[in-house]
Amino acid sequence: RHQVMIVLMDAALCSWNFVRARSGVLNQPTGSLVLVRHGQSVWDSSDLFTGWADPDLSELGVRQAKGVARSLRESGYSFDVAYTSVLKRSVHTTWML
């Protein structure tokens, strides 16, 4: 069984080898890496730059996250591990996946 991990991207890039090394799978068979960006934040909906500010998901952002979760499930994905930032919009998106 291959390990499947999800990394929730929040305006930063991850090194695949770094993530694999940190998760302890560097010397194991390669699994799948799924990258997902958080849903729309309440500041995004007002056309404000969020940066490291911590606004939550907007109603549209919640619908977007649930839609991605449904699509991933329907495609047969299940996840062994998830990495995300500590920002609410990212954490809440991850919870829905």
Enumeration of residues in the stretch 48-90 that are farther than 13 Å from Leu35 by Cα, surrounded by fewer than 18 Cβ atoms within 10 Å (Cβ to Cβ) and aliphatic (A, V, I, L, M): Leu48, Ala53, Leu60, Val62, Val86
Only one of Arg20, Arg37 that is under 17 Å from the mean Cα position of the chain (by Cα), under 18 Å from Ser85 (Cα atoms) and modelled with pLDDT of 80 or more: Arg37
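The values are calculated or read from the model by the stated rules, or taken from the named source; none is laboratory data. Keep in mind that this is a model prediction, so the values were computed, not measured. We place every Cβ from the backbone using ideal geometry, glycine too, and count neighbours over all the protein chains shown.
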